[in-house]
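The values are calculated or read from the model by the stated rules, or taken from the named source; none is laboratory data. Computed from a predicted model, the values in this text were never measured in an experiment. Cβ sites come from the backbone with ideal geometry, for glycine too, and all protein chains shown count toward neighbours.
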C-alpha cells in the first residue's frame, strides 16, 4: 500500500525562528508538522534540515528520527510509519529503498509573517 504524501506550507508560531514549515498530509489527512531548522541556536550540522515538530496518530511517536535532510526524507518516514503493520510505537525503521507513490512539496507565494 502506498500513500499520497503532500506537503503544504504553513507558518507555525514558534518564537520568530524556524519559519519554513510544512504540514505533512497522508491521503489528505494531517499526519505531521515539520519545521526547517534555520535558527542560530541549532546544531550547525542540522541547519536547513527538517525537524518533526508534531506527529499525529502513528506519527506521534516519541522515538523517531527527529531531523531529516529533505522534505522527501521526512515524507518517506511518514509513509513508512503509517504503512508499517508491525507498528509498536517505540521502533524506528530505515526508509532506504522505500517506494513512494507521490510526494508533492508545494510553495505558497503569498506567505507573510503573522
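With respect to the stated conditions, residue 39 fails to be surrounded by 12 or more Cβ atoms within 10 Å (Cβ to Cβ) and at positive phi.
Looking across region 49-84, the residues that are over 20 Å from residue 3 (Cα atoms), in a loop (DSSP other than H, G, I, E, B) and at pLDDT 90 or above come down to 49, 69.
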